[in-house]
Structures are given as structure tokens and as C-alpha cells.
Amino acid sequence: MNSPVNSAASNQRVTALIADDEAPMRAQLRARLQESWPALDIVAEAENGVQAVELASLHNPAIVFLDIRMPGMSGIEAARLLFNRCHLVFVTAYDQYAIEAFEQGALDYLLKPVGGERLRTTCSRLQARVGQQPQDITRQLGALLAQHGAQPKREYLRWIQALVGQNLRMISTREILFFQADEKYTRVRTAQGEVLIRKTLKELADQLDPDEFWRIHRSTLVRVDAIDSVGRDLRGRQMVRVKGVEEALEVSRGNTHLFQQM
Amino acid sequence: MAKSRLAQSSYANAKSLLDLIREVGDTAVTIWWRFFDWLAQVEWRKLIIVWVLLLLLGLTPFGLSKQAMAFIMLSLGLKVLAGGKRKAELEALHAHHQADEESMERRVVEARMAALQAQVEPHFLFNTLALIGQLIETDPPQAARIHQNLIDYLRATLPQMRAAGAGTLGRQIDMSRAYLAIMQARMGARLAVSIDVPQEMQSATFPVMTLQILIENAIKHGLEPKIAGGRIDIRASVDQGVLQVDVLDDGVGFNLHAADGIGLANVRERLRILYGNRAQLVLEAPITGGTRASVRLPYAPDIFAGAGK
């Protein structure tokens with residue numbers, strides 16, 4: 001253990017770091033801390049999560065105050081890298097999910113604007129704990145991260161990029177009626193018109209949400225919400241009609257099961 | 001026994017015959033009305049083509065010329081006497097259905113937009129209040145300014161407080177200035193803003209909250225996550241009767257895997273219902289990075305804007 005945290009006498013200098021992306025909020029926390037705990041030495045201020053981790057490595061503060069929402073790296077992500085080196089206090093203006101997790105008492109947190117009784121309680125708890133090894137909060141952080149904008153298991157493509165003239169246009173998958181393979185290209189049909197993209201139908205089928213788009217044919221992916229009706233043409237082929245579009249899309253034999261319940 | 005069975009079966013025969021006659025009658029009535037509706041709506045040109053074909057058929061050795069002539073006279077008479085009225089009736093009925101559907105759709109979207117406007121993000125509100133609290137101690141004049149900006153923002157955002165005229169571009173620019181001033185106070189040098197909207201476009205009709213949604217998106221998804229921050233440019237221009245409003249940021253750009261939020265989906269839906277195909281929301285990723293969101297819709301300046309006030 002090369003951490004400088006040791007069983008300190010009460011007169012030993014206690015150091016702290018403040019991380020918040022908003023300057024006025026850093027100033028506020030600093031001012032309130034100076035009132036509630038004049039002996040606390042605030043050695044550095046960080047403007048984002050990445051900087052917080054860097055400065056913590058440099059200064060080895062005993063306590064780090066972390067804003068939860070910060071650009072680059074959130075307070076919770078930074079906490080995962082810092083928790084075994086220093087005592088952590090989360091700061092937030094409003095965060096219903098995070099606060100739920102905090103209420104269980106394992107983690108310290110402050111609400112903005114900081115001050116008053118709440119800050120004094122937190123300070124005295126920290127003073128009691130500062131000489132000890134920080135507790136293991138891996139589990140709580142994991143739970144927090146899961147609630148707090150953590151990535152879902154599988155991410156599906158929600159935007160299609162298409163070159164329209166000189167510009168790279170972004171088309172939301174919610175606007176798209178269907179995709180159709182067209183030799184080297186793929187046709188992207190929207191209510192407004194159509195564009196060609198280079199992505200193959202196979203790539204699209206792999207990346208799109210299979211509940212949002214169905215592959216009804218080797219060369220056709222249709223958005224389920226855009227389907228108007230399913231019928232048969234004179235040759236007995238199953239055909240899908242899409243809202244607002246004249247042309248009907250053929251369902252290949254292997255995929256007729258998609259519409260069996262309809 | 002045998003006799004009664006016979007009676008029964010003859011009764012059954014009679015009944016089924018009666019059913020058959022009734023069915024034939026019903027079918028005849030249905031076909032007649034279909035024919036009548038068709039006749040009422042068919043174009044004269046097509047009707048004449050049908051007559052010519054019938055005449056040609058009449059001239060063949062089958063010799064149905066009399067029947068053909070009778071049909072032609074009958075359909076001509078019907079078309080002339082009753083066709084116009086029936087056609088108008090059918091069209092009115094159709095239009096009525098369509099209008100019902102459209103007004104329903106419009107009401108649903110209006111309700112959704114109202115709900116959206118009532119959603120001032122709690123995170124924004126609490127952070128701004130915390131900021132005002134801090135500024136009261138360190139910089140009271142700035143605290144008063146931010147406080148006023150917050151009031152302006154809330155007044156425009158909460159639907160029950162919204163003043164008349166919120167559906168103009170000028171009003172939305174004013175409200176956006178209030179919002180951006182708050183964000184600049186919070187983000188400091190991380191946020192630069194430029195607004196370039198010519199005076200004459202201020203009175204143009206622009207659906208309520210549209211600009212605000214685009215700006216909040218640019219800040220939240222483009223600039224706030226970027227460590228260095230960046231700039232946001234708001235521009236308006238008119239070209240051939242089309243008003244185009246651009247919100248451009250140089251933030252982190254698109255996450256291809258993040259679903260477009262409730263905000264963008266609502267803007268798109270609303271434009272579709274208010275303007276059909278004459279308006280659109282276009283999102284682009286400029287080569288220079290960031291995101292450009294553009295709304296294009298028919299330019300409708302309020303010519304009484306200057307005179308009224």
C-alpha cells in the first residue's frame with residue numbers, strides 16, 4: 001500500500017480535490033467547505049472526470065468531491081478509478097436514479113446548492129473516517145453505473161448516413177419505410193423520397209434492431225411500423241403494402257411465417 | 001310420417017327458395033347502388049368510351065343493339081338527372097371522414113407537444129437555481145440577470161403561461177436567448193453562441209418550441225459531453241418562399257446508435273401534420289464535425305406585425 005493515507009492525528013493536514021465542470025459550482029463548494037471545515041486543504045480543482053483522475057494521481061488527496069454529470073468522463077466512472085485511493089463524496093443538483101442508490105447509505109453525497117446541516121454532517125463523517133482505508137464500494141458503483149446511462153447490452157443502428165449532394169445527411173430509422181438492395185447500393189425509402197447508400201442489406205440487417213425492421217425478402221428490409229397491409233397479388237405472391245407508398249413489396253416464400261398471425 | 005316428411009321437405013324447399021330470392025334481391029340492390037355510384041362519379045369521357053364499346057358489341061352478329069341502346073339511354077338519363085347530386089354526396093362523405101381523421105391526428109400531436117413543453121428538465125432547473133444561489137453571494141447583478149432569464153424561459157416553456165404570438169420565429173429567438181444566456185453562465189468559456197436572424201423574418205410563423213428543441217438537443221448531445229465545449233450558430237434565411245432555420249453546433253456529433261429523442265420525433269411529426277410534405281427536418285453531419293439541424297417550411301411573415309403594436 002503506497003497510499004499516503006495513514007492513521008493521522010487530528011491535527012494532520014487533510015487534503016481534498018473538487019471536480020465540477022461548472023466554475024461557479026466549484027467556487028460555491030470551496031466557500032462552503034471553508035466555512036464548515038476551515039482546516040481542510042483544497043489542493044486542486046478539476047473541470048471534468050478525466051482531469052479529476054489525473055489531478056488525484058498527482059496530489060493524492062484524502063477526499064475527492066465529484067460532480068456526477070461531467071463531460072468526458074462522468075463522476076461515477078471517475079469514482080471507479082479512484083475509490084480505493086481516497087474517500088469519495090458525490091455532488092449533484094438533481095438526479096433521481098443516483099439519489100435512490102445513495103439513500104441506502106453506503107455512499108456520501110451532497111445536493112447543490114451545498115451547505116447547511118447536510119454539509120456539516122458529511123464533514124464530520126469524513127473527519128472520523130479520514131485516517132482509515134476507504135471502504136470497498138465496487139458493488140454500489142456498479143449498481144449506480146447500471147442506472148446512470150450505462151450502455152444497453154446490444155446497441156442497434158438508429159441513424160443512417162447518406163450522402164445527399166455535398167452533405168452527409170442523417171436519417172433517423174424512424175423515418176425510413178424500407179430498404180431495398182439495388183446492385184451495389186441499397187435504396188433507402190422515406191416518406192419524402194429515396195436515397196442510395198453504400199451499406200449492403202446484409203450489413204444493415206445485422207446492425208438494425210430486428211424488432212424494428214423485418215427482412216421479408218432477400219433484398220428487402222421493411223420497418224414493421226410502416227406496414228399498412230399484407231395481401232396476395234394475382235400470381236399468389238404475398239405482398240406487403242407500406243403506408244404512403246405506391247409500390248408493393250414481395251415477401252419471399254421463406255419469410256411468409258412473419259405474417260402468419262396477421 | 002312419409003307425408004309429413006314430404007311436407008317438411010317441400011316447406012324447406014320453399015323456404016330456401018324464398019331465401020334465394022331475397023338474396024338475389026339484396027345482391028341486385030347492392031349492385032344497382034354500386035352501379036349508380038360508379039355512374040355518378042365516372043368521368044364523361046370514360047362513360048362515352050363505354051357507350052362506344054357497347055355499340056360496337058351491339059353491331060356484332062349477336063345483335064344486342066337494342067339492349068345496348070337502352071343501357072346508353074338509361075345511363076345518360078341517370079347521369080344527367082341524379083349524377084351530380086350523388087357525386088357531391090359521396091365526395092362530401094369522403095371529405096368528412098378525412099377531415100375527422102386529420103383533426104384527430106392534429107389534436108393528438110398538439111396534446112403531445114403540450115406535454116413536452118411542460119417538461120422543463122429538472123436537471124436544468126435545479127442547476128440553474130444552484131447557480132443563482134451562488135451568484136447572489138459573489139455577483140448579485142449577474143444573479144439578477146440569470147434570474148430574469150430563467151423567468152423568461154419558464155414563461156415561454158410552460159404552456160399555461162405562454163403568451164400569444166409564441167408561434168413566431170422572433171418570440172422563439174427571444175426565448176432561446178434567455179436559455180442560452182443561462183447555459184453560458186453555467187458553461188462559461190465552453191459555450192459560444194451566435195444568432196443571425198434578419199429582422200424581417202422575426203414575425204414569420206414557426207411552430208411553438210421547435211427552435212428550443214433543436215437548441216437543447218445541440219447543447220445536451222453535442223456540446224455538454226465535449227470537454228472543450230464549442231459553439232452554436234443559429235441562422236435563418238428565405239429562399240423562394242421557403243424559410244430555413246439552421247441550428248449548427250461543433251460538438252461531439254452523432255451517435256449512430258442513440259435513438260432520436262422524443263424532441264426530434266415530435267418536431268418531425270408536428271411538421272408533417274401542420275405542413276405535410278411542404279416542411280421537413282433535415283439532420284446533417286458537416287465535414288467540419290458536429291451537427292446541423294435544419295427546419296424548412298413555407299415562409300409566412302405576418303404583414304401586420306409592425307402595425308399591431
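Please treat every number below as a calculation from the coordinates, not as lab data. What you are looking at is a predicted structure, and each value in this text was computed from that prediction instead of being measured. No Cβ is skipped: glycine too gets one built from the backbone with ideal geometry, and neighbour counts run over all protein chains shown.
Worth pointing out:
A quick yes/no check of all residues on (1) under 22 Å from the mean Cα position of the chain (by Cα); (2) in a helix (DSSP H, G or I):
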site: A:THR121; (1), (2): no, yes
site: A:GLY131; (1), (2): no, no
site: A:LEU141; (1), (2): yes, yes
site: A:LEU144; (1), (2): yes, yes
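- Pairs with Cβ under 6 Å, 6+ apart, first in the range A:70-92 and crowded, with 22+ Cβ neighbours inside 10 Å, second polar (S, T, N, Q): A:MET70/A:ASN48
- Among the candidates B:ASP302, B:ASP246, residue that is of a type in the set (Asp, Glu) and within 14 Å of another protein chain (Cβ to nearest Cβ): B:ASP246
- Of the residues making up the range B:228-258, those that are of a type in the set (A, V, I, L, M) and either surrounded by fewer than 17 Cβ atoms within 10 Å (Cβ to Cβ) or touching a residue at least 40 places away in the same chain (Cβ under 8 Å) (or both) are B:ALA228, B:ILE232, B:ILE234, B:ALA236, B:VAL238, B:VAL242, B:LEU243, B:VAL245, B:VAL247, B:LEU248, B:LEU256, B:ALA258.
- Spans of helices (runs of 4 or more DSSP H) in the range B:26-143 with at least 1 residues within 14 Å of another protein chain (Cβ to nearest Cβ) and in contact (Cβ under 8 Å) with a residue 40 or more places away in the chain: B:84-118, B:122-138
- Members of the range B:259-294 that are more than 20 Å from A:ILE160 (Cα to Cα) and surrounded by 15 or more Cβ atoms within 10 Å (Cβ to Cβ): B:ARG270, B:LEU271, B:ARG272, B:ILE273, B:LEU274, B:ALA279
- The combined condition, being within 20 Å of B:ILE132 (Cβ to Cβ), surrounded by fewer than 16 Cβ atoms within 10 Å (Cβ to Cβ) and out of contact with any Gly (no Cβ under 9 Å at 6 or more places or on another chain), is not fulfilled by B:GLN184.
- For the range B:244-297, a residue qualifies if it is among the charged types (D, E, K, R) and under 28 Å from B:SER203 (Cβ atoms), and the qualifying residues are B:ASP246, B:ASP249, B:ARG268, B:GLU269, B:ARG270, B:ARG272, B:ARG278, B:GLU284, B:ARG292, B:ARG296.
- Check on B:LEU47, in contact with a Phe, Trp or Tyr (Cβ under 9 Å, 6 or more places away or on another chain) and surrounded by 12 or more Cβ atoms within 10 Å (Cβ to Cβ): no
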